[in-house]
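Visitor: Right, I'll just put the structure down here and ask away after.
Taken together, the values in this text are just the output of simple stated rules run on the coordinates, not laboratory data. All values reported here derive from a predicted model rather than from experimental measurement. Cβ: placed from backbone, ideal geometry, glycine included. Neighbour counts: every protein chain shown.
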Amino acid sequence: MQLIETSLPEVKIVVPQRIGDSRGFFSEVWSVRDFAANGIKTQFVQDNHVRSPLKGTLRGLHYQIPPMAQGKLLRVTRGAVFDVAIDIRRGSPNFGRHAAAVLSAENWYQLWVPPGFAHGYCTLEDDTEVQYKVSDFYSPEHDRGISWDDPDIRINWPVTGESALVSERDRRHPRLSDQLDLFEYHL
């Protein structure tokens with residue numbers, strides 16, 4: 001397993017090794033031992049699988065507040081996404097900044113998004129499938145979101161406001177500056 005740093009020290013690109021031959025490949029995409037040895041100490045409680053039939057589908061920016069805060073480990077098994085994590089820990093030296101990466105079935109990258117960060121992605125190909133592990137269960141009472149096109153965050157999405165396929169729920173999220181439920185930064 002290889003870790004690639006992003007512009008946010010806590011957000012990591014994880015590249016699992018793929019071993020292949022004429023039959024295909026094998027890849028160990030999660031190992032508690034290997035992740036802990038690389039400073040990612042978490043326990044996952046649920047796996048999710050999302051299919052987006054159309055390029056330009058945008059999901060996010062989502063997070064859950066404590067005590068149900070979630071860390072996420074995302075990977076793409078078909079297609080590709082432009083994936084983003086935003087630091088939403090008040091007092092953090094990186095508050096409001098984001099890290100972005102392209103995850104694809106071809107590059108086999110995964111993205112580790114720890115609790116305290118909002119997350120979203122946009123599909124870059126039709127029929128894209130994303131699988132991700134979360135460190136706590138989904139909780140509607142703790143579920144929050146930030147506007148995907150918040151001008152203060154300045155994400156250079158691969159879609160425009162007119163072309164993005166965004167759910168009504170995600171269109172209603174407030175800007176980061178208007179968000180009441182955020183995390184506190186702790187050294």
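Visitor: Counting only DSSP beta bridges with both residues in the range 64-187, tell me the antiparallel percent, nearest 5.
Guide: Values: 25 of 27 bridges.
Taking every DSSP beta bridge with both residues in the range 64-187, the antiparallel ones total about 95 percent.
Visitor: Less than 11 Å Cβ to Cβ from F117, Lys/Arg counted +1 and Asp/Glu -1: what total charge do the surrounding residues give? Walk me through the intermediate numbers first.
Guide: Working: positive: K72, R89, R97; negative: E10, D87.
Surrounding charge for F117 is +1.
Visitor: Shape of the range 58-118 from its Cα gyration tensor (a ≥ b ≥ c, root eigenvalues): rounded if a/c is under 1.5, otherwise prolate when a/b > b/c, or oblate?
Guide: Working: a/c = 2.51, a/b = 1.81, b/c = 1.39.
It comes out prolate by the Cα gyration axes.
Visitor: Which listed residue (Y121, L111, S167) has the Cα farthest towards the positive end of the charge dipole for the chain, taking +1 on Lys and Arg C-beta and -1 on Asp and Glu C-beta about the Cα centre?
Guide: The listed residue farthest towards the positive side: L111.
Visitor: Quick one: Debye curve from the alpha-carbon atoms of the chain only, equal weights, vacuum; give me log10 I(q)/I(0) at q = 0.08, 0.15, 0.19 Å⁻¹ to two decimals.
Guide: Evaluating at q = 0.08, 0.15, 0.19 Å⁻¹ gives log10 I(q)/I(0) of -0.24, -0.88, -1.44.
Visitor: Quick check on packing: order 82-95, 31-44 by the mean number of other C-beta atoms within 10 Å, highest mean leading. Don't jump to the answer; show the numbers that get you there.
Guide: Numbers: 82-95: 20.4, 31-44: 13.1.
Taking the mean over residues of other Cβ atoms within 10 Å, the ranking is 82-95, 31-44.
Visitor: Right, another one. Let me have the 222 nm mean residue ellipticity of the chain computed from DSSP H runs of 4+ only, each contributing -39500 (n - 2.57), with the sum over all residues rounded to the nearest 500.
Guide: Values: 2 runs with 10 residues, N = 187.
Using -39500 (n - 2.57) per qualifying helix, the result is -1000 deg cm²/dmol.
Visitor: Which length gain, in nm to one decimal place, applies between S163 and F95 when the Cα-Cα distance is subtracted from 0.36 nm times their residue separation? Intermediate results must be reported in sequence, preceding the final value.
Guide: Details: separation 68, 0.36 × 68 = 24.48 nm, distance 2.84 nm.
Gain on extension, S163 to F95, equals 21.6 nm.
Visitor: Rounded to the nearest 0.05, what FRET efficiency is calculated for R154 and D181 with R0 set to 22 Å and r the Cβ-Cβ distance? If you can, show how the numbers build up before the last one.
Guide: Values: r = 22 Å, r/R0 = 1.00.
Step by step, r from the Cβ atoms, then E = 0.50.
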